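What follows is a single structure, written as structure tokens, with notes after it.
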Amino acid sequence: MEELYTQSARTGARLSPEERRSALINATLRCIIKEGHAGLSVRKVCQEAGVSAGLLTHHFTGKEELIIEAYRFLTKDIYSRINQSLAQVSEPSALKKLRLFIDVSFRRPVLDKDYLMVWLVFWGLSKQKPAIAVLRNEVNDTVISTLEKLMTATVSELSLEAVNVRLAATGLSALMDGLWLEWSLNSTNFSPDEAAKICQCWVDAFVANALQRLN
């Protein structure tokens, strides 16, 4: 998340509307990393971005929209990195794609402790703000849908039988989230490589049809 720590070299310069929106979004994420929910004041975000409060309201309807767009930006950035890694592999099998999705998810820059504070703030706000809850569900559904597609292709490729792919994808997503959260809270318990190995063992069970009872 190094790029989020870096103020734009053009701070104070005339930026395009899109560049200014991006600068405010990055400033919002930096404020959350530094101070958690306390960093989500218009004053602090504007100070971090080097702009006036009036300029922020020129680009966003208010703080809630800014938070939503910051959430959207971060999740889009993470999964674009994952998809880029998947696309760079020449003609991989469906199973290899599934395994790669796991491995990339536990590597930098996708795996970053700074994300912990950001996610905790977003998750907390999703309980209070319906619009953020909707986006949170969309993000979660996208992850599960991606895993479900990879697993469906794997089932077809290996001629697996009697697998409830929807529940399997939900289970793997929850396992990955839990490992990421535990590692972020205490990285001495296991390494990112070991977290990936735990998930790969889960995939081994999936391939061995050990998940039939999910039906």
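Computed quantities for the displayed model
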| quantity | calculated |
| --- | --- |
| For Gly178: the one exception among (1) among the small types (Gly, Ala, Ser); (2) in a helix (DSSP H, G or I); (3) in contact (Cβ under 8 Å) with a residue 12 or more places away in the chain | (3) |
| Pair list, Cβ under 7 Å, 6 or more apart: region 145-156 residue free of Cβ contacts under 8 Å to residues at least 40 places away in the same chain and more than 14 Å from Leu100 (Cα to Cα), other residue aliphatic (A, V, I, L, M) and not in a helix (DSSP H, G or I) | Val155/Val163 |
| Residue within region 131-139 that is buried (at least 17 other Cβ atoms within 10 Å of the Cβ) and either among the basic types (Lys, Arg) or at pLDDT 95 or above (or both) present | yes |
| One residue from Gln84, Gln47 being of a type in the set (S, T, N, Q), at pLDDT 85 or above and within 23 Å of Leu111 (Cβ to Cβ) | Gln84 |
| Exclusive hit being charged (D, E, K, R) and more than 13 Å from the chain's Cα centre (by Cα), set Lys113, Lys197 | Lys197 |
| Test: residue in region 112-124 that is within 21 Å of Ser191 (Cα to Cα) and surrounded by fewer than 15 Cβ atoms within 10 Å (Cβ to Cβ) | yes |
| Qualifying residue in region 73-88 (condition: surrounded by fewer than 19 Cβ atoms within 10 Å (Cβ to Cβ) and outside any helix (DSSP H, G or I)) | no |
| Among the candidates Asn209, Asn140, residue that is farther than 30 Å from Leu66 by Cβ and either part of a loop (DSSP other than H, G, I, E, B) or in contact with a helix residue (DSSP H, G or I) (Cβ under 8 Å, 6 or more places away or on another chain) (or both) | Asn209 |
| Residue in region 165-174 that is closer than 24 Å to Thr75 by Cα, surrounded by fewer than 16 Cβ atoms within 10 Å (Cβ to Cβ) and free of Cβ contacts under 8 Å to residues at least 12 places away in the same chain present | yes |
| Residue in region 100-115 that is polar (S, T, N, Q), under 21 Å from Ala169 (Cα atoms) and in a helix (DSSP H, G or I) present | yes |
| From Arg81, Arg107, residue being out of contact with any Ser or Thr (no Cβ under 9 Å at 6 or more places or on another chain) and of a type in the set (D, E, K, R) | Arg81 |
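The values are calculated or read from the model by the stated rules, or taken from the named source; none is laboratory data. Small disclaimer: the values here were computed from a predicted structure and weren't measured. Glycine gets a Cβ as well: all are built from the backbone with ideal geometry, and neighbour counts include every protein chain shown.
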